[in-house]
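The values are calculated or read from the model by the stated rules, or taken from the named source; none is laboratory data. None of these values were measured; they are calculated from a predicted model. Backbone-built Cβ (ideal geometry, glycine too); neighbour counts: all protein chains shown.
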Amino acid sequence: MSKELIRLTDCVMAFDDEVVLDKINLSIKDKEFLTLLGPSGCGKTTTLRIIGGFQTPTSGDVLFDGVRINSVPPHKRTINTVFQKYALFPHLNVYENIAFGLRIPKADAAGKKVKLAEEEIDRRVMEMLEIVNLKGFEKRRTSQLSGGQQQRVAIARALVNRPKVLLLDEPLGALDLKLRKDMQNELKRIQKAMEITFIYVTHDQEEALAMSDTVVVMDGGRIQQIGSPEDIYNEPKNAFVADFIGESNIIDGIMRSDGLVEIFNRRFQCLDGGFGKDEVVDVVIRPEDVDIVPEDQGQLKGTVTSVTFKGMQYDIIVDFYGFKWLIQTTDLSPVGSRIGIKIDPDGIHVMKKSEYSGLFGDYSSYSEEYEEISDASCGPEEEDSGDEE
Amino acid sequence: MRKHDRTGSRLIIGLMFLFLYAPILLLMIFSFNAGDSSAVWKGFSLHWYGKLFQNRLIMESVYTTLLVSLLATAIATAAGTFAAIGLYSLGRRKRDALLTVNNIPMMNADIVTGVSLCLFFVAFFQSWGAFAKWFNALELSLGGHALQLPERLVLGFGTLLLAHVAFNIPYVILNVAPKLRQMDRNLMDAAQDLGCTWMQAFWKVMLPEIKPGIVSGALIAFTMSIDDFIISYFTAGSASSTLAMTIYGMTKKRVTPEINAVSTLLFLSVLVLLVISNVKEARQESRERQGAARRTTAMERLAQKISEPRYKWVRRTAAGALACVFIASVSILSYATSSRPVVNVCSWGEYIDEDLIDQFEETTGIRVNYQTAESNEALYSLLKSGGADYDVIVPSDYMIGRLIAEDMLEPLDYSQIPNSSLIDDRFRHLPYDPDDRYTVPYTWGTLGIIYNTSMVDGEIDSWSALYDDANAGNVLLINNSRDALGIALLYLGFSVNTTDEDEIRQAYALIEDANRRGVFQGRAMDEVFQKMEGNNAAIATYYAGDCVTMMYNNEDLAFVIPKEGSNWFLDAMCMLKDAPHQKEAYMWMDFIASTDANLANMHYIGYASPNREALERYPDYYLEQEGEELDPEIYDIMVAPPETLERCEAYLNLPSATLSLYNSLWTQLGTN
């Protein structure tokens, strides 16, 4: 990774007293694949639109290469965007869609407007068509293309202008699962090949983890955590991040001393430290980090209340003293059986209490929560916060 | 059972369409009638279409209509499109509220829109006048002359255009808004993201997207503009007249086949516009439905080709040429209207031989802006509203009295109208203008009974025939309170100008009684022509000059001025107080007062001339023009002989109390 390209300092966005972004600070490096991740209404699209120039922050600064660009209009930024649902121009064919940006006269170094020669335009459009695997589709109308093909045209249309930064607003939201996986790889490949910065907005945590160099988790107009996918998954900063990224059991605990946390009146070894003595904390235990053992050998003992076969593993819900956990295991334990569990020290992650404590990580209403999760991933968000105004 | 139901509903639909389209079809058929009757078919002819294109009143109003419609459409389309775009950048609640507000003017009655616009313009002109006076005085006191603001503004082309723009904008917004709603909101962002300024993005992306909406909006606006009568009527003032207004003015006297012809053309052109816009819409819908499977048409391939960058010069040239043509036509019009001296004349429809206008313009170089009003009362209210800018008007006797009483007429300098000496003594020193200070008589005539000899037993010589059960169901009551009550007064032996309420109520009782007994077939003005010519009614009351026309078309008709006497009327040219073009007005009045002009008018209109020489020479003139002798009986109908005229009484201006009694009685009759 190299030098910093974009910096947001204390960016606030408010519509009629409704604060959509609350003092966002963010640094984006050159040639980085950065993902803004969060549920709908978290402010990720607004952040993207501020970077793209479609919205001007109410307060705070946007710096590009060290220059303040708060009020520079979109057409003067060396940033291009792939929009939600692509926003291809319906009255133009594939070729003309891609050539659109090239046909606009641009100011050269001396400030004079210059037009690209027709041959140059043709060369660059054909080159882009090759990169996105759409050779031979030049004359097609955009309405004659499949979703994935339209997606590629949108990417080509943006990239043909050779931007320094490409913004992608939920670009894969409208595609089916299989196509989505392919396009994830495709995007990663294109980013590597073009050597430019991608800023990617999604609410799909798997997508974020799979593609990004850096993930920015947002909620309620604030950044909850910035880090590599591994950091975000393994060391979530609070209950929100822990819950949003993957599955988590989040349990109240008391930090008895560094490396020793108490859950349900039982002490567990852990790797975390730096908390106050007897501080009340949130403890995250990932479902796959729990080992099932015979009841008499377990650190905790509970009853299986629900089993779901998931192919690679079973998702089972276990009741420990009235608190329900999700555990992923390859061994079947039938409903009603008593089991014991063991957790290794590196399977326990301790977080400070936050405003999100107590909101997430309880599986007592498992089935409903599960539906919610699958609902959220089945379609793109129609409108992010504030767009309507 | 099912099948039976179907037939019933088909029948109803068929009847409905018949009811909707039969009148229009009839009008179209009669526009090809060789004769000039609207009831009797005399063979196929394109005669009236030919006449139409020679009728300068119509051609001028066609030009005005097209110009107003085109300009108003262009302005309203641009304004409405941007207004719609503006609406869409607002929040949903504000936008919906504003769209509702936008719909109100379309629902609003045209008459309210028209009157309110008229009031607004007149109010503005008044405050503008005050401001201009103050400004000019101030400038003068500062020693400057550079900019003199006009102090007097009147209704005219400008206000007409503004009014049309105003009522067209909502239609454009209504058509553009749905296209904007359908458009992906990210498209504009995408275009700007790719390097367009907002304006470039508008031209390159938004415009092609919402173009169907703009085109259909423009088409509807254009149709509305061409069609509009009521709003134009209130805002056009004296200087301009749209086609619809001209047609309405022409129907004042009777529906000539010329009107049928122009209505047919108007109907067809609006039909074509509507068909185009509907076909466009249907095409687009099917295009959207079919998606990929559609084949491009030749037109679209051409459009596609033209839109390629290398054909830019073609597009530029075409746009330039169009703009030039448009500017040229506008400037020709403004040249024609502004640079030549002009006289503004307001008269009645079909009330002049239009060749006279051409002759006058050729000999003097003065442009005649000839407009028509549909009644004395309408003219009066137009003058009172301050919206008119006429020099010469041609009101009837009683209205002249009223205008003089209200100091609205300019005393005339008869030395500038030498031909006024040719006016026969009978038409001098009449009660409405006893000292001959304000008027130059134009035409005169009498009111009498026209009846069908084959439908009535014996000759009619009394007004009693109008109220006689023997003619039940065959009498047409003249649809004009003054004439209808006046005749009843005469029959009862009273004066037509009585102010005695009891006498007027007696006259009303006479009519009401006959009405209850079913003597009257109905009330009629213009319909008299069709009814009488087509043998659909036996007896009617009408004006002598028009009765002559009817008698030419139906030989069974006869005319009589009953023994109880009748009304005789006279229309005279007057100059409005402070008329702006007095010199030209005098030239016009002198020209019209000449014997030649009187002969031509008498022949064309059928009403008698007040010119002594013209009255004497008319039989010879008729022989010259028609190649046959004028029937002396016909001459006596046109020009009532002195002994007949003796029996006739002219209307005087009635006091307002009497006028309102007339009105309320007349309205009462309508409800019984």
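Listing for the model above:
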quantity	calculated
Leading residue by the ranking (nearest to the chain's Cα centre (by Cα)) among those in region A:32-70 that are in a helix (DSSP H, G or I) and more than 14 Å from chain B (Cβ to nearest Cβ)	A:LYS44
Given (1) aromatic (Phe, Trp, Tyr); (2) more than 27 Å from B:ILE231 (Cα to Cα); (3) within 21 Å of the chain's Cα centre (by Cα), number of the condition B:PHE135 does not satisfy	(3)
Subset of region A:71-83 [crowded, with 23+ Cβ neighbours inside 10 Å and either more than 7 Å from chain B (Cβ to nearest Cβ) or hydroxyl-bearing (Ser, Thr, Tyr) (or both)]	A:ILE79, A:THR81, A:VAL82
The one condition in (1) modelled with pLDDT of 90 or more; (2) crowded, with 19+ Cβ neighbours inside 10 Å that B:PHE121 fails to fulfil	(1)
A:GLU118 being within 14 Å of chain B (Cβ to nearest Cβ), surrounded by fewer than 17 Cβ atoms within 10 Å (Cβ to Cβ) and either at negative phi or of a type in the set (S, T, N, Q) (or both)	yes
Residue satisfying all of: in region A:84-101; at pLDDT 90 or above and in contact with a Gly (Cβ under 9 Å, 6 or more places away or on another chain); farthest from the other protein chains (Cβ to nearest Cβ) among these	A:PHE100
Residue list for region B:539-549, restricted to those being outside any strand (DSSP E or B), surrounded by fewer than 23 Cβ atoms within 10 Å (Cβ to Cβ) and not small (Gly, Ala, Ser)	B:ASP546, B:VAL548, B:THR549
Region A:90-135: number of residues that are assigned to a loop (DSSP other than H, G, I, E, B), touching a residue at least 12 places away in the same chain (Cβ under 8 Å) and not charged (D, E, K, R)	10
Helices (runs of 4 or more DSSP H) fully within region B:561-672 counting 3 or more residues that are under 27 Å from the mean Cα position of the chain (by Cα) and surrounded by 23 or more Cβ atoms within 10 Å (Cβ to Cβ)	B:582-593, B:595-605
A:LEU21 vs. criteria buried (at least 17 other Cβ atoms within 10 Å of the Cβ) and either in a strand (DSSP E or B) or at pLDDT below 90 (or both)	yes
Set B:GLU555, B:GLU613, B:GLU564: member being of a type outside the set (Lys, Arg), out of contact with any strand residue (DSSP E or B) (no Cβ under 7 Å at 6 or more places or on another chain) and either within 28 Å of B:PRO257 (Cα to Cα) or free of Cβ contacts under 8 Å to residues at least 40 places away in the same chain (or both)	B:GLU555
Verdict on A:LEU209 being on the phi < 0 side of the Ramachandran plot, at pLDDT 90 or above, surrounded by fewer than 21 Cβ atoms within 10 Å (Cβ to Cβ) and in contact with a helix residue (DSSP H, G or I) (Cβ under 6 Å, 6 or more places away or on another chain)	yes
Sole exception among (1) under 23 Å from B:PRO257 (Cα atoms); (2) crowded, with 22+ Cβ neighbours inside 10 Å for B:ASN536, by number	(2)
When residues of region B:184-214 are limited to those that are within 26 Å of B:LEU273 (Cα to Cα) and crowded, with 18+ Cβ neighbours inside 10 Å, the one nearest to the other protein chains (Cβ to nearest Cβ)	B:GLU209
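Each row is one residue, and each column tells you yes or no for (1) within 14 Å of chain B (Cβ to nearest Cβ); (2) surrounded by fewer than 21 Cβ atoms within 10 Å (Cβ to Cβ); (3) touching a residue at least 24 places away in the same chain (Cβ under 8 Å).
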residue: A:PHE137; (1), (2), (3): yes, yes, yes
residue: A:GLY147; (1), (2), (3): no, yes, yes
residue: A:ASN161; (1), (2), (3): yes, no, yes
residue: A:LEU168; (1), (2), (3): yes, no, yes
residue: A:GLU195; (1), (2), (3): no, yes, yes
